[in-house]
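> Got a structure for you, written out below as structure tokens; questions coming shortly.
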Amino acid sequence: GAVNAHLKRLGFPGKASPNKSLPHRLTIRPVFGKEVARPSVVFVVRGDRSAPNVERVAAACRKALPGARVEIVNSTGGRRGRKAPAPATFVTQLAGLFANATEDTAIYIDPLAGGSVKTWLDHALMYLSDPSIAAAAPHLVDENDLVLAAGSVICASGVAPAMRGRWIKDDGHAGSLACDREVSALNGLIFAVRTDALRHIGGIDTIFAETSIAFADVTLRAADLGLRSIAIAGAPVRVKAAQFDEAARDPIDDVLFRSKHEDRLKAGDPYYSPNFRPDGLFVSRAK
């Protein structure tokens, strides 16, 4: 009662109820209506995956939010150079679409993690209705109900998926796996961002070749301006572990990211204790 009263005072389009698996925790469900309207959305689907999967995800977007714009972006290969730009790379095209979006929210979906868009869409939009939040993305789990990424952790080596290998119904350290929470970075397969926040930070940096690091960079730059990013526990998306690994990062991206955010990485992740192992598992170094 008190939590829901607080959410109502804030004008937040969500309702809290007990977590079915962990009664001592609360789950927040989206509630859009007359008081708070659903933000407008442009979906951007990665097009260089298998054609049936691309079309399936595009169709799922149209079904989840009829009337929303759906764009498909293909990779042209290559990396954008500092002095002599190559033909438009995937991230360059993505950055242009996001920058020119007239909708409130831009949502990127890699068909490797398509799933049922409807199950997580309103959860992301619920958080992006708050102007203090820049980005949101659901937890990713594999075919065995093990976590692939519950947000990401930044560390000296760059970015690591948070809590990989944990059972999805675990509580996590202090509820970190069971509750929607603030994180430093989000996964690169599904990413929802407020377009006004993205413009405020200068858009997606096209020096990066892949979304995993490009989106991590977006969230860190947003945090520099006091904007938050949310990993959503309440609507996990199932992805085959092999497909998650297929979307591997570009090694040059890792080098560029470490160079760009060197001081921040040395300082450590504000949402991750230095007493935990450096691999993002939320487990004590002693274990």
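> Can you order the peptides 279-286, 40-47, 139-146 by their average number of other Cβ atoms within 10 Å per residue, highest first?
Result, highest mean Cβ count within 10 Å first: 40-47, 139-146, 279-286.
> Using a ≥ b ≥ c from the Cα gyration tensor of the range 208-271 (square roots of the eigenvalues), is it rounded, prolate or oblate, where a/c under 1.5 gives rounded and otherwise the larger of a/b and b/c decides, a/b for prolate?
The shape class here is oblate.
> How big is D, in µm² s⁻¹, for the range 1-46 by Stokes-Einstein at 25 °C and 0.890 mPa s if Rh is the Kirkwood radius over C-alpha pairs? Don't jump to the answer; show the numbers that get you there.
Numbers: Rh = 12.4 Å.
Once the numbers are plugged in, D ends up at 198 µm²/s.
> Now for a different question. If you take the C-alpha gyration tensor of the chain, multiply each eigenvalue by 5 and take the square root, what semi-axes do you get, largest first, in whole Å? Walk me through the numbers on the way to the answer.
Working: eigenvalues 144, 113, 70 Å².
Equivalent-ellipsoid dimensions as semi-axes: 27, 24, 19 Å.
> With a probe of 1.4 Å, find how much accessible area the chain has per residue, and write the answer as a whole number in Å².
Values: 13040 Å² over 287 residues.
For the chain, the per-residue accessible area is 45 Å².
> Distance in nm between label sites at Asn53 and Lys169, each 7 Å beyond Cα in the beta-carbon direction?
So the two model labels end up 2.8 nm from each other.
> Translational diffusion coefficient, Stokes-Einstein: compute it for the range 169-287 using the Kirkwood radius over C-alpha pairs as Rh, at 25 °C and 0.890 mPa s, and state it as an integer in µm² s⁻¹.
Translational D for this selection: 156 µm²/s.
> Kirkwood hydrodynamic radius for the range 179-241: how many Å is it when counted over pairs of different Cα atoms?
12.5
> Given the pairs Lys34/Lys63; Lys118/Lys169; Lys118/Lys260; Lys169/Lys240; Lys20/Lys63; Lys15/Lys118, which are separated by over 26 angstrom at their Cα positions?
Correct reply: Lys118/Lys260; Lys20/Lys63.
> Show me the three semi-axes of the equivalent ellipsoid for the range 93-144, from the C-alpha gyration tensor (sqrt of 5 times each eigenvalue), largest first, rounded to whole Å.
21, 16, 9
> Going from the alpha-carbon gyration tensor of the range 79-178, what semi-axes, largest first and in whole Å, does one get by taking the root of 5 times each eigenvalue?
Equivalent ellipsoid semi-axes, largest first: 29, 19, 14 Å.
> Hey, could you pull the Cα Rg and Dmax for the range 123-193, both in Å?
Expressed in Å, the Cα Rg and Dmax of the range 123-193 come to 12.2, 36.
> With all protein chains present, how much of the accessible area of the chain (probe radius 1.4 Å) comes from carbon and sulfur, to the nearest whole percent? Could the numbers behind the result be given before it?
Numbers: 7020 of 13040 Å².
Heavy-atom surface of the chain belonging to carbon and sulfur, 1.4 Å probe: 54 percent.
> Now for a separate question. Using a simple spin-label model with points 7 Å from Cα along the Cα→Cβ vector, what separation in nm is obtained for Arg9 and His200?
Placing both labels 7 Å beyond Cα along the Cβ direction yields 2.4 nm.
> To the nearest 10 square angstrom, what accessible area does Arg249 show with a 1.4 Å probe?
90
> Would you mind getting me the FRET efficiency between Val36 and Ala2? Use the beta-carbon distance for r and R0 = 25 Å, nearest 0.05.
The calculated FRET efficiency here is 0.80.
> With N set to the number of residues, divide the alpha-carbon radius of gyration of the range 100-244 by 2.2 N^0.38 Å and report two decimals.
0.97
The values are calculated or read from the model by the stated rules, or taken from the named source; none is laboratory data. Bear in mind that the values here come from a model prediction, so they are computed numbers and not experimental data. Note that each Cβ is placed from the backbone with ideal geometry, even for glycine, and that neighbours are counted across all protein chains shown. Remember, those area values only see protein heavy atoms, side chains included, never the ligands or the DNA or RNA. Shrake-Rupley method; radii C 1.70, N 1.55, O 1.52, S 1.80 Å.
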